[in-house]
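See below for the structure under consideration.
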Amino acid sequence: MKLLVLNHEYPPIGGGGGQACKDIIEELARKGHEITLVTAHFNNLPRESREGSVYILRVPSLRKQAFRIGFIGMSVYILNSIFTGLKVIRRWKPDLIHVHFAVPAGVSAYVLHLLTGIPYVLTAHLGDVPGGVPEKTGRWFKWVFPFTIPVWKHAARIAAVSEFTASLARKHYHVEPEIIPNGMKIEPQERPVSVNRPPRIAFAGRFMPQKNLFAFIDILDSVRDLEWNCAMLGDGPLYQPVKTRITELGLADRFSLPGWVNPEQVISCFKQSDILLMPSLSEGLSVVGVQALSAGLAIVANNVGGFTDLVEAGQNGVLAEPGDVQTLKDAMRKYLSTPELLLRARHASLVAARKFDISNIADRYETIFNKVK
């Protein structure tokens, strides 16, 4: 099958939605599908490239930062991805379009569908649904919402990466998405899981308000009497304020903040860690969470978005209601001071990771595509 994939973010730029897209199309390509991806250009990335059997076209978007794209950049991406998509369709004649994010790429898919009749399958990741990440997109949806309705109504099929994302789609667009979580290739463990001494804590993601990073620091400050070290991977507008706060608390020697890193570096860090701490205020189906499961990390997180799908409370981690920082502090103290409990949680995460194997996720998309074609 020939698949035209649209997504405004794709590694090395963007966040979890880009990585999820990459994992899916690489697995679909391995299964024999022909794939052309139209994504956003950034910096000195090549305009055209080939990764394995995936052909990548990067169109102008005025993107200025690797970790996010502004409204103007999204608008430019929409126009250029429509123009490039039309050229690809006329030359290559794909069977269908798979689009990640209803905004902005969903708009491109909708227009291409109107112009060519090619059906599209929409995958929603959370930030593209009203109410998903209100602190980031709330202002946009106040006036763009009416223009997004056709994107959802004309999709041949809709997938949502978590039950929470699906529930918002039902509420705002009166559609019934199929829940297909993000996945990744689950590799056999190279060696038996053990607890590091001292335990290693990890965070990975954009340094944005919805990640609740000052609560993250507060939680670790509360267990400063215990041994641990922490890697915070990522970049964003809160990077320097977070770094300053850590220094003010006298904890700089226990933190590593390398800035923006590629997905391979995230996975490498997780393989050397014990706990993923994510007090986020909103999440889709966190790719970081799936990566943490596959590395066998205990997960301590807020009960938001996709973390409900990743964590079985009392088994492989602890979930707290947003605002209940004390529960997260108690969980971190318990895991850091009880290696046996932490080891059991790590083993439980390895078991839970199996259902997110990318081969199974790709099979589910393949089933949808075959019904649409």
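The values are calculated or read from the model by the stated rules, or taken from the named source; none is laboratory data. Please read all numbers here as calculations on a predicted model, not as lab measurements. Positions of Cβ are generated from backbone atoms using ideal geometry, with glycine treated the same way; all protein chains shown enter the neighbour counts.
Please go through the stretch 11-21 and pick out each residue that is crowded, with 22+ Cβ neighbours inside 10 Å and either of a type in the set (V, I, T) or within 14 Å of G52 (Cβ to Cβ) (or both). Hit for the stretch 11-21 is I13, nothing else. When restricted to residues that are closer than 19 Å to V287 by Cα, surrounded by fewer than 24 Cβ atoms within 10 Å (Cβ to Cβ) and among the hydrophobic types (A, V, I, L, M, F, W, C), the stretch 25-43 contains 0.
Quick grid of which residues meet (1) assigned by TED's automatic domain parsing to the domain that holds W260; (2) in contact with a helix residue (DSSP H, G or I) (Cβ under 9 Å, 6 or more places away or on another chain); (3) closer than 23 Å to V161 by Cβ; (4) not hydrophobic (A, V, I, L, M, F, W, C):
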| site | (1), (2), (3), (4) |
| --- | --- |
| I24 | no, yes, yes, no |
| H33 | no, yes, yes, yes |
| F42 | no, no, no, no |
| V76 | no, no, no, no |
| L86 | no, yes, no, no |
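Does the stretch 302-316 contain any residue that is modelled with pLDDT of 90 or more and of a type in the set (G, A, S)? No: zero hits.
Considering the conditions (1) out of contact with any Phe, Trp or Tyr (no Cβ under 9 Å at 6 or more places or on another chain); (2) modelled with pLDDT of 95 or more; (3) of a type in the set (A, V, I, L, M), L342 is excluded by exactly one of them, (1). Among the residues making up the stretch 95-106, those that are crowded, with 20+ Cβ neighbours inside 10 Å and either assigned to a loop (DSSP other than H, G, I, E, B) or out of contact with any strand residue (DSSP E or B) (no Cβ under 9 Å at 6 or more places or on another chain) (or both) are F101, A102, V103, P104. The residue of the stretch 145-191 that is modelled with the lowest pLDDT, among those that are of a type in the set (S, T, N, Q) and touching a helix residue (DSSP H, G or I) at 6+ places or on another chain (Cβ under 8 Å), is Q189.
Taking strands (runs of 3 or more DSSP E) as the structural unit, no element lying wholly within the stretch 1-94 holds at least 3 residues that are closer than 23 Å to R206 by Cα and at pLDDT below 95. What do you reckon, is I219 surrounded by 19 or more Cβ atoms within 10 Å (Cβ to Cβ), modelled with pLDDT of 95 or more, outside the structural domain of I13 (by TED's automatic domain parsing) and within 26 Å of A66 (Cα to Cα)? Here the answer is no, as I219 does not meet what is asked. Residues in the stretch 304-326 that are part of a helix (DSSP H, G or I) and surrounded by 17 or more Cβ atoms within 10 Å (Cβ to Cβ): how many? Count: 5. Only one of these is hydrophobic (A, V, I, L, M, F, W, C), touching a Lys or Arg at 6+ places or on another chain (Cβ under 8 Å) and free of Cβ contacts under 8 Å to residues at least 60 places away in the same chain: L257, L297, L310. Name it. Criteria check complete, one pass: L257. Being buried (at least 20 other Cβ atoms within 10 Å of the Cβ), outside any helix (DSSP H, G or I) and among the hydrophobic types (A, V, I, L, M, F, W, C): is that true of A301 here? Yes; evaluated as a whole, the condition is true for this residue. Of all residues in the stretch 169-189, those satisfying the criterion of being surrounded by 22 or more Cβ atoms within 10 Å (Cβ to Cβ) and either without any contact (Cβ under 8 Å) to a residue 60 or more places away in the chain or of a type in the set (G, A, S) (or both) are A169, P177, G183. In this structure, K329 does satisfy being in contact with a Ser or Thr (Cβ under 9 Å, 6 or more places away or on another chain) and among the basic types (K, R).
Every residue, every condition in (1) aromatic (F, W, Y); (2) part of a helix (DSSP H, G or I), yes or no:
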position: F207; (1), (2): yes, no
position: A215; (1), (2): no, yes
position: E227; (1), (2): no, no
position: D235; (1), (2): no, no
position: G250; (1), (2): no, no
position: Q265; (1), (2): no, yes
position: S268; (1), (2): no, yes
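Considering only residues that are under 22 Å from the mean Cα position of the chain (by Cα) and of a type in the set (V, I, T), which ones fall in the stretch 73-86? Residue satisfying the conditions is I78 alone. The listed residues are I69, I82, and the only one of them that is in contact with a helix residue (DSSP H, G or I) (Cβ under 6 Å, 6 or more places away or on another chain) and surrounded by 16 or more Cβ atoms within 10 Å (Cβ to Cβ) turns out to be I82.
Results for (1) without any contact (Cβ under 8 Å) to a residue 24 or more places away in the chain; (2) of a type in the set (F, W, Y), shown as yes or no for each residue.
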residue: R200; (1), (2): no, no
residue: A204; (1), (2): no, no
residue: F214; (1), (2): no, yes
residue: I217; (1), (2): no, no
residue: C230; (1), (2): no, no
residue: G236; (1), (2): no, no
residue: Q240; (1), (2): yes, no
residue: K243; (1), (2): yes, no
residue: E248; (1), (2): yes, no
